[in-house]
Amino acid sequence: MEQKKYIITQEFVGKRIDKIISIEEDISRTTVQRLIEESKILLNGKKTKPSYIVQLDDEIVIFEDEPKETNLKPEDIPLDIIYEDDDILVVNKQKGLVVHPGNGNPNGTLVNAVMAHCKEGLSGIGGEIRPGIVHRIDKDTSGLLIIAKNDKAHINLSEQIKNHEVKKTYIALVRGRMKENQATIDMPIARSQKDRTKMAVSRNGKNAVTHIKVLQKFDEYTLLEVNIETGRTHQIRVHLSQIGYPIVGDMVYSNGKNPFGVVGQMLHSSKLEFVHPITGEKMKLEAELPKYFEEVLEKIRN
């Protein structure tokens, strides 16, 4: 059984242990309380209570369950393949497709589709429900995603991502006419204290840096090119909403209203630049904007 260790720093002092773990581990308070009851979460080597208020330098150890076997099945879901060889697969994910199975999405995911395509296997580092998955994009974000076919490729790609060596470029349509032509948003992001399903800018969050460049300005909208240094959950959506330019169609970080009837954020992962994990070749791959995205832009231009 693997374990994860936290040492309490000043920013967490005075908060309940179950609340801290829930936010940091992205699991429900109910799950945290069950793990505490089962002695899978220990405080300074001893069993504790969910209501315990943490003190400076407290040591919390979380014993992680071994991944359970799943009944993942290959599914014949169409894939838009941009590049493929013996080690990696790069796909242009369609909007609305969840990357891997999870609560509420046991099948019909990109993983199920990739399993059907890669019959010779995928890397196992991501665990039972994430075979081959090196990085993710949201369900309603379209665009480029790298899949690792073996562990060697997966390890190398993960290191490149960790060291910010993979350049990810997105195209976003936001509400509002942006004054600046380019900007850098440097605001830490954490799980929202008010709503666990959302992320939020927080001084106690993890470092998050987003670079934006205006491609085209309209009366009420702006088309942006976005590069991210870090890959925090919902980073682009949170950052753009925070500075007053929410992404068109985003149902979570804006009111979702738009005259185009778009459901889900107009955000597309358009370019990926990285070093091939096995051959060392410099890769630069691109995916065109989805048809619906182009149609919305055409309406705005007219």
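In table form, for the structure just shown:
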quantity: Which listed residue, of Ile212, Ile236, Ile247, Ile278, is closer than 27 Å to Val134 by Cβ, modelled with pLDDT of 95 or more and in contact with an Asp or Glu (Cβ under 6 Å, 6 or more places away or on another chain); calculated: Ile278
quantity: Residue satisfying all of: in the range 229-261; among the β-branched types (Val, Ile, Thr) and surrounded by 21 or more Cβ atoms within 10 Å (Cβ to Cβ); farthest from Glu295 (Cα to Cα) among these; calculated: Val238
quantity: Residue in the range 35-48 that is at pLDDT below 90, more than 22 Å from the chain's Cα centre (by Cα), surrounded by 14 or more Cβ atoms within 10 Å (Cβ to Cβ) and outside the structural domain of Ser192 (by TED's automatic domain parsing) present; calculated: no
quantity: Pairs where the first residue, in the range 79-108, is in a loop (DSSP other than H, G, I, E, B) and the second is among the basic types (Lys, Arg), C-beta under 7 Å, 6+ apart; calculated: Asp86/Lys149; Asp87/Lys149; Gly96/Lys139; Leu97/Lys139; Val98/Lys139; Val99/Arg136; His100/Arg130; Asn107/Lys73
quantity: The range 272-302, residues that are part of a loop (DSSP other than H, G, I, E, B) and not hydrophobic (A, V, I, L, M, F, W, C); calculated: His276, Pro277, Thr279, Gly280, Glu281, Glu288, Pro290, Asn302
quantity: Matching residues, the range 1-18, being buried (at least 17 other Cβ atoms within 10 Å of the Cβ) and either hydroxyl-bearing (Ser, Thr, Tyr) or free of Cβ contacts under 8 Å to residues at least 24 places away in the same chain (or both); calculated: Tyr6
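The rows are residues; the columns are (1) closer than 19 Å to His268 by Cα; (2) among the hydrophobic types (A, V, I, L, M, F, W, C); (3) assigned by TED's automatic domain parsing to the domain that holds His135.
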| position | (1), (2), (3) |
| --- | --- |
| Asp186 | no, no, no |
| Ala200 | no, yes, no |
| Asp219 | no, no, no |
| Thr222 | yes, no, no |
| Pro246 | yes, no, no |
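The values are calculated or read from the model by the stated rules, or taken from the named source; none is laboratory data. Only a predicted model underlies this, so the values are computations on that prediction, with no experimental measurement involved. Methodologically, a virtual Cβ is constructed for each residue, glycine included, from the backbone with ideal geometry; neighbour enumeration extends over all protein chains shown.
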